[in-house]
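**Q** Before I ask anything, here is the structure I am working with.
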Amino acid sequence: MIITKVFSIHPMTRKSLFLFFMLVFGTMVQPLEAVEPNAKLFSEQATERDAAYKIIAQQLAENISATVDEKEKQGFLVQQQLLTKLEKLLDKTEKSSMDLWFSELDLQKTLSWQDFEQYLERYITVLQEAKSSAQNLESINKEQQTLYNRLIALAEKDSDQDILQLQYAFKVRKFARQTELEKQLREGIEIAKKYFPTVIDHIDVDQETIKRQEELLSQAKKNLQQLEDEKILATAGDDVLIQQQESLLAGYLGRELTDDERKKMNYEQLKLLKQRIQQLIKDDQILEGQIGLLEEEQKTIWFNLVAEKPDFFKLSDLSGDITKHILRLRKNTEKAHSQIYTYEKELSTLRGGNALVGPKAQELINTLDEKVRTVFTLLSGIDQRAEILENKGRLLDTAIDLKQSALGSMVTKTREATDHIFEKVVSVLKYPLISYSGMSISLLLLLQVLILLVLGIIVNRLYGLMVQRMGKKRNWSERTVHLIQAVGKYPFIFIVALFMLSVVGINTRSLALVAGALSVGIGFGMQTIVNNLVSGIILLFDKSIRPGDFICLGENSTMGGFRGNVVQMNIRATVLRTNDNINIIIPNAELMASKVVNWTYSDEMIRFRIPFAVAYGTDIDEVKALIKEAILNIPVVLSEPEPQIWLANHADSSLAFLAAIWVEGLNARQPARITDIVLSTIYKTLHEHGIEIPFPQMDLRLRNAEPQQPNFMGITDAMRLKMFQEATPQ
């Protein structure tokens, strides 16, 4: 009854309770129906395991002979193959001879360099195998967990159960075997570490070996220098050929192509690809020469370390330099890998039975395939040698710490811990977040771009401040300071942008093709922007308009148009600030196309012509003398050149004069204020001396003497009679 009442409350409540019971009972029933792994297939007891294998083998043989369906028969054959692999899989790995490798060294006598190289080779082999084993163990563990999840998700009689049981058993046994191998490798590393200090103390290198090593080092330097010289000599010609080929391919863009034209374009693309791959091979040969030189330099450090009186500080610095060179070399190798993957992708689009590839192009494709394999072989060899050299470098640093003092062991442990943390941080930063078209974006890449951007902003601002300080010390004008800042600012921004593109991995040479393809769009859609940019560059170097100038746009009179100080000249627009503190942004193209009056182009001295008038009959000489004397007493007016008073015109009702005055500096940029001061002074002077300032007047004279009755409203007698009749009440 209670349950009935609860279910009758609301349909939504009923639905919620139903889902709740289904969820509870479903979770209770699921473990009863889930498939569990068959533990006999991966039991630690070989007899129990073999018995289970024998039963499954008999069942599979019967099923294969009795089955007619080919698809079902194929499934049984797959299970048979898996069972065979399980039977052949050994319980444990063979006992490693690594402990014998290290213990067979007779440490009661001195060791030759050959014996020590053999020891290093074995030590590094153990380190590399341990690293690879840890990766394999992690991979097998993930695969094992995936198979387990798939297995327990199956129903009791699912047809896929048998295959998954065998696969899971194989992964479990393989994981156990790999764990045993991992344990042996760790033991081998501990044995190598145990013998390492003693081995270092027993090395003896004779003078003949040291002399031979110096000759090898000198020869490695010569070989590398020869490769670099050949690269420098060939670079100019190769770049010209690549540019010519890119220009030739740009001619095919933006138009409809026939099949023959497409064949020609594909052939030209292959020729360009060949030139780039050949250039990459030369770069890889230089990398190979660099790794060879680093190997010889590191060997020389080992020889100096076991000498009688080694310079530990110098050897430590040299070892650190080699480590830095290795990191730089591996970065270049990664870049070369990225390039060859890109070239391989471009080649794959033209490889095979493409109808638009002719016989010559197909022959060229075969040649390029061989060159690509050569590049991959070179890079793989360089990577392996770099990894070995890096491990030897760590052992060398440890040996230097052990040799120099009793505190060497503590220093070594600290360095190993630091290296481990550093490797973890670098691996996290290098993990690719996004991968597209052979280019990977990682946290390290984003961090590099951000650091480069911040450094660019800081250097740009420091450059501006430095120019300002130099300008103050050397009394440069504001326009000169701004020009020097602009000359350094925009090229620096362009260079930083190129560096950022290079860090991201974008080939700047390919931008030429993009620019060619976008030239039409730039010509039409971005015409105004490009016009302003080019005009801004011309204005910066033309010096016709500079920051600090007082200019007038539009009407050239002192009272019209846009007028103000040029406060800023950017690459796209110029900022004009009026005396009302209003900023006017003017596109640079408008400044180039329109007439501009520059009041301060050559100097800061300006002459204003201020008009005034007096009545007819006034003494002209007296007016000139009075006004000139009054104007000379105005502080803002220059006495040299002296002001002049001109009679400009015989107007209708006055004598028109012009007061020509000279001002400079800030006063030259305030025409309204200067006009107000001068006109006020002129008015006061004329008023004090009783000189009349005329205003327009008109006299009306009647030439007909006969008096007439005025008719102000122009109303005739007939109109007046009609108006009287309408106004009279009826």
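**Q** Can you tell me the length gained on complete extension of the stretch ILE189 to ASN579, counting 0.36 nm per residue apart and subtracting the Cα distance?
**A** 132.3 nm
**Q** Listed highest first by mean packing, meaning other Cβ atoms within 10 Å per residue, what order do 180-193, 250-263 come in?
**A** Ranking the peptides 180-193, 250-263 by packing returns 180-193, 250-263.
**Q** Something else now. Please identify which residues in the stretch 262-301 have an amide N closer than 18 Å to a label point set 7 Å out from the Cα of GLU363, following the Cα→Cβ vector.
**A** 263-275
**Q** So how far, in whole Å, is the C-alpha centre of the stretch 527-553 from the one of the stretch 261-309?
**A** Comparing the Cα centres of the stretch 527-553 and the stretch 261-309, I get a distance of 49 Å.
**Q** In nm, to one decimal, how far is the modelled label at LYS73 from the one at GLU256, with both set 7 Å along Cα→Cβ?
**A** 5.7
**Q** With the crude spin-label approximation of a point 7 Å out along Cα→Cβ, what separation in nm comes out for ASP160 versus LYS54?
**A** Between ASP160 and LYS54, the simple spin-label model gives 3.3 nm.
**Q** Using a Förster radius of 35 Å, what is the FRET efficiency between LEU462 and PHE312 based on their Cβ-Cβ separation? Nearest 0.05, please.
**A** Between LEU462 and PHE312 the formula returns 0.35.
**Q** Now for a separate question. Give the calculated FRET efficiency between VAL426 and PHE541 to the nearest 0.05, with a Förster radius of 45 Å applied to their Cβ-Cβ distance.
**A** With R0 = 45 Å, the Cβ-Cβ based efficiency is 0.45.
**Q** Taking R0 as 30 Å, what FRET efficiency do you get between ARG474 and ILE495 from their Cβ-Cβ distance, rounded to the nearest 0.05?
**A** Using R0 = 30 Å, I get an efficiency of 0.65.
**Q** Right, something else. In sequence order, what are the phi-derived ³J(HN,Hα) couplings for the stretch 384-394 according to the Karplus relation 6.51 cos²θ - 1.76 cosθ + 1.60 with θ = phi - 60°, rounded to whole Hz, with x for glycine and proline?
**A** Using θ = phi - 60°, the values come out as 5, 5, 5, 5, 5, 5, 5, 5, 4, x, 5 Hz.
**Q** Give me the number: length gained by fully extending ARG150 to LEU453, i.e. 0.36 nm times residue separation minus the C-alpha to C-alpha distance, one decimal in nm.
**A** 104.2 nm
**Q** Starting from the amide H of LEU111, placed 1.01 Å from N in the peptide plane, find each other amide H under 5 Å away whose residue is 5 or more places distant or on another chain.
**A** Answer set, sorted by chain and number: ILE203, ASP204.
**Q** A further question follows. List the equivalent ellipsoid semi-axes of the stretch 108-153 in whole Å, largest first, each obtained as the square root of 5λ for an eigenvalue λ of the Cα gyration tensor.
**A** The answer is 43, 7, 4 Å, longest axis first.
**Q** How much length would be gained if the chain were fully extended between GLU44 and LEU679, taking 0.36 nm per residue of separation minus their Cα-Cα distance, in nm to one decimal?
**A** 217.1 nm
**Q** Among the lysines, which have Cα under 25 Å from the Cα of LYS174 when same-chain residues fewer than 8 positions away are ignored?
**A** The reachable lysines, counting only those whose Cα sits under 25 Å from LYS174, are LYS40, LYS54, LYS85, LYS88, LYS92, LYS95, LYS131, LYS142, LYS183.
**Q** Give me the distance in nm between label points sitting 7 Å out from Cα along the Cα-to-Cβ direction at LYS211 and ILE434, one decimal.
**A** Label-label distance for LYS211 and ILE434, simple model: 6.2 nm.
**Q** Follow-up question, since we're still on this one. Need the list of lysines near LYS684 for cross-linking: C-alpha distance under 26 angstrom, and skip anything on the same chain fewer than eight residues off.
**A** LYS624, LYS628
**Q** Further question on the same structure: In vacuum, with every alpha carbon of the stretch 606-688 counted as one equal point scatterer, what does the Debye formula give for log10 I(q)/I(0) at q = 0.19, 0.26 Å⁻¹? Two decimals, please.
**A** Summing over Cα pairs of the stretch 606-688 leads to -0.78, -1.35.
Computed from the coordinates by the stated procedures, all read-outs in this text should not be read as laboratory data. All of these numbers come straight from a predicted model, not from anything done at the bench. Counting neighbours? That spans all protein chains shown, and the Cβs are built from the backbone with ideal geometry, glycine included.
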